[in-house]
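In what follows, a single structure is set out as structure tokens and then discussed.
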Amino acid sequence: MYGKKGRTFTYAWKIYLDPNFRVSGKFCHLHQIKLDGGNVGTPNLTLTARSDVQLENEGRVLTKVPLGSFKGEWIQIR
């Protein structure tokens with residue numbers, strides 16, 4: 001998929017975390033979207049689990065949700 005000036009894309013997916021899911025001491029990426037080429041540096045969009053779940057855009061935290069909100073539930077992200 002290639003972006004063009006003036007066009008909009010919507011990403012949507014579902015995620016499920018086991019009720020016993022635990023994060024590592026450093027970081028735990030649940031989902032990443034990288035720009036064309038895959039290994040091109042900082043991901044464009046990252047969903048990271050720490051003590052909460054953070055949605056990040058190029059390293060900036062956009063929003064945080066308590067990790068417990070994700071455990072044992074199917075969550076639709078859009």
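Some notes on this structure:
- Selection within the range 23-57 - exposed (fewer than 12 other Cβ atoms within 10 Å of the Cβ) and either among the polar types (S, T, N, Q) or within 17 Å of Tyr11 (Cβ to Cβ) (or both): Ser24, His29, Asp36, Gly38, Asn39, Ser51
- Residue match in the range 14-31 (condition: among the polar types (S, T, N, Q), more than 15 Å from Arg78 (Cα to Cα) and out of contact with any helix residue (DSSP H, G or I) (no Cβ under 6 Å at 6 or more places or on another chain)): yes
- Condition met for Thr63 (of a type in the set (Ser, Thr, Tyr) and either in contact with a Ser or Thr (Cβ under 8 Å, 6 or more places away or on another chain) or at pLDDT 90 or above (or both)): yes
- Residues located in the range 21-32, provided they are in contact (Cβ under 8 Å) with a residue 12 or more places away in the chain and outside any strand (DSSP E or B): Phe21, Val23, Phe27
- Qualifying residue in the range 60-77 (condition: out of contact with any strand residue (DSSP E or B) (no Cβ under 8 Å at 6 or more places or on another chain) and touching a residue at least 24 places away in the same chain (Cβ under 8 Å)): no
The values are calculated or read from the model by the stated rules, or taken from the named source; none is laboratory data. The structure displayed is predicted, hence computed values, not measured ones. For neighbour counting, all protein chains shown are included, and Cβ atoms are generated from backbone atoms with ideal geometry for every residue, glycine included.
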